Amino acid sequence: MEDQGIIHLYLQRSQQAILETKNKYGAYCRVIARNIISNFSDVEECENDTYLAAWNAIPPSLPRNFSVFLGRITRNIALDKYGYNTAKKRNREFEVILTELEECLASPDTVETEYEEGEIANLINQFLYGIDEQARNMFIGRYWYSYSIDELSMRFNMSSSKVKSILFRTRNKLRVHLDKEGVNL
């Protein structure tokens with residue numbers, strides 16, 4: 001079923017919407033959650049919570065890109081679950097991903113308005129559309145989908161050191177871009 005048909009089912013409050021969403025995007029949501037949290041039952045819970053959140057959000061929201069909408073919901077739920085699960089302990093693998101971006105982005109302790117967050121998001125999007133496709137896909141794979149260096153290495157058919165190098169250069173370019181735009185993080 002096409003995305004607009006699924007959204008129409010949500011608007012009609014048909015429970016078939018959840019089944020169609022699971023059939024089309026279940027694996028996608030599980031991959032996003034699994035890259036952040038590794039416990040199978042937590043991944044399954046995140047997937048189910050995504051369907052509930054989508055049910056509660058549509059209406060009033062009408063997502064333009066349904067897969068991105070679901071991905072964002074899943075990622076936020078998984079990050080919340082990760083925070084809950086690691087409140088007293090650390091998951092080294094995911095911590096590495098977060099620390100790689102520390103120098104480019106504001107710390108979570110900084111209170112920023114929604115307007116400023118939206119502006120930073122727009123600047124990051126502008127940056128990503130301005131770089132070559134391979135670097136953009138690697139950056140998104142690493143920092144949105146939380147793929148490991150080894151997974152990226154296999155996906156792009158290159159050594160892990162080359163992947164690390166491209167990500168390092170891309171983060172530095174992002175920092176320069178944000179500095180140039182007056183974002184002091």
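What follows draws every value from the coordinates through simple rules; no lab data is involved. Please read all numbers here as calculations on a predicted model, not as lab measurements. Backbone-built Cβ (ideal geometry, glycine too); neighbour counts: all protein chains shown.
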For this session: Using a Förster distance of 25 angstrom, determine the FRET efficiency expected from the C-beta separation of Gln134 and Arg64, and round it to 0.05.
Result: 0.45
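Expected output is a single nm value to one decimal: the length gained when fully extending between Asn48 and Asn85, i.e. 0.36 nm times separation in residues minus the C-alpha distance. What is it? Walk me through the numbers on the way to the answer.
Working: separation 37, 0.36 × 37 = 13.32 nm, distance 1.77 nm.
That works out to 11.5 nm of additional length.
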Exercise. Taking the Cα-to-Cβ direction at Ala27 and at Gln4 and moving 7 Å from each Cα, how far apart do the two end points lie in nm?
Worked result: 2.6
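Could you sort 137-148, 168-179 so that the peptide with the highest average Cβ count within 10 Å comes first and the rest follow in order?
On the way: 137-148: 18.7, 168-179: 15.8.
Ranking, from highest mean packing down: 137-148, 168-179.
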Seminar exercise, completed: Extension length gain for Arg13 and Lys162 (0.36 nm per residue less Cα distance), in nm, is 48.8 nm
